[in-house]
Amino acid sequence: MSAGGESPPGTASAGGEGPMRVVMLFSRFPPTYGGGGIQGERLARRLVARGVDVQVLCEARGGSTAPLEEVSDGLRIRRFRIPAFDDKRNLWLGIRAAWWLARQDSWDLLHVHGFGYFGVLPTVVARWRGKKVLVKTTLLGGDGVPKDSRWPQRQWITDAYRRVDSVIALSDELAAGFRSDPKFRG
């Protein structure tokens, strides 16, 4: 709350009651390191410090001793065990995250860090539930501007991407590419 009794901009929930409740979805999150996960953790902690309720969903990588559920300085983290089939890891993460999102009511915004198979089903669930979806591109796995594809599995990603509310593009070129897609809504 600010001195006037109002929440700082962007920190109130959709209903205006209480803090905004954000679910952040990562394919990699500390202690499994990647640039996107490190940046995302810093962002999540800053949001928590501003009064935003943040829940992180990510994979519990094999060999990690990190707990499946933890709260660290107000940041809630839920790690999902994923079958060790490397070529399907992101799909399994998406299934687990989508199932969790479908069963929870306590969130206003889904913030997907990167976009690939792990983001498709959670995005579908969020849209079905009437929730907002924000995607930050990371370029991990080529999650830049979506392109139509003759491959159905790739087209699922493109179609889901086009249904998000907003995208944070990492460059002017990516932003121009998103703006040039007539089917992209955000």
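Read the figures in this text as sums done on the coordinates, not as results from a lab. The shown structure was predicted, so the numbers you read here are calculated from the model rather than taken from an experiment. Using ideal geometry, Cβ is built from the backbone for each residue, glycine included, and neighbour counts are taken over all protein chains shown.
What to note about this one:
- Electrostatic bookkeeping for P122 treats Lys and Arg as +1 and Asp and Glu as -1; over the other residues with beta carbon under 11 Å from its beta carbon, the sum is +4.
- Diffusion of the range 50-135 by Stokes-Einstein, at 20 °C in a medium of 1.002 mPa s and with Rh set to the Kirkwood radius over alpha-carbon pairs, works out to 158 µm²/s.
- Rg to Rh quotient for the range 87-133, alpha carbon positions, Kirkwood Rh: 0.95
- For I168, nonlocal amide neighbours, meaning residues 5 or more places apart or on other chains whose placed amide H falls under 5 Å from its own, are V135, K136, T137.
- 11 Å reach of a label modelled at R76, 7 Å along Cα-to-Cβ, counting backbone N of the range 82-125: 104-108
- Our Cα-only numbers for the range 10-80 put the radius of gyration and Dmax at 12.5, 42 Å.
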